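Bear in mind these aren't lab numbers, they're just calculated from the coordinates by the rules spelled out. Since the model is a prediction, treat every value here as computed from it, not as a measurement. Note that we place each Cβ from the backbone using ideal geometry, even for glycine, and neighbour counts take in every protein chain shown.
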Amino acid sequence: MTPFSFLANLAGPLGIKGGLVYMLGIAFGLAYNFYFKFTPASPLPFAIAFAALPSCTAISKEITPPTWMWLGGALLGMAAHFINVIKDMDQDQQSGINGLPQRLGKTKSIFAAAALIAAGLASLFIFN
């Protein structure tokens, strides 16, 4: 057993490259909790993590993920962020969580989520 094959087995079914991309998504999830949810850049970790999730399986098979996968995942991930925040927005604002959806408010966040979903779906059709 070579050291590389040991590392590949240790990395699991995604392999080393796919595992690293997966861990990138996890890292941005943690970065959201500790930093980004207090800033206007709060959608950024969702964009990166949602783009990384399907990409890690493609990369694990030595396939370069297509543009539509990254772009669609990023846009739909940001939409998920806006949608998820709406239900807790009042409590978030009271507790000092001041990401982009909280700054925009409920109505503008709903419109932002709808626009991001439309853009995400369009990117899937345009680039696929």
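Couple of notes before you dig in:
- Scanning the range 55-75 for residues that are among the β-branched types (Val, Ile, Thr) and in a helix (DSSP H, G or I) yields a total of 3.
- Taking (1) in contact (Cβ under 8 Å) with a residue 40 or more places away in the chain; (2) assigned to a helix (DSSP H, G or I) in turn, Leu30 satisfies each apart from (1).
- Qualifying residue in the range 41-56 (condition: within 13 Å of the chain's Cα centre (by Cα) and of a type in the set (Val, Ile, Thr)): yes
- Count of the range 78-110 residues, restricted to those that are basic (Lys, Arg) and in contact (Cβ under 8 Å) with a residue 24 or more places away in the chain, is 1.
- Only one of the listed residues (Ile59, Ile126, Ile86, Ile110) is of a type in the set (Val, Ile, Thr), buried (at least 19 other Cβ atoms within 10 Å of the Cβ) and out of contact with any strand residue (DSSP E or B) (no Cβ under 6 Å at 6 or more places or on another chain). That residue is Ile59.
- Sole residue being of a type in the set (S, T, N, Q) and closer than 21 Å to Ile26 by Cα, chosen from Ser55, Ser109: Ser55
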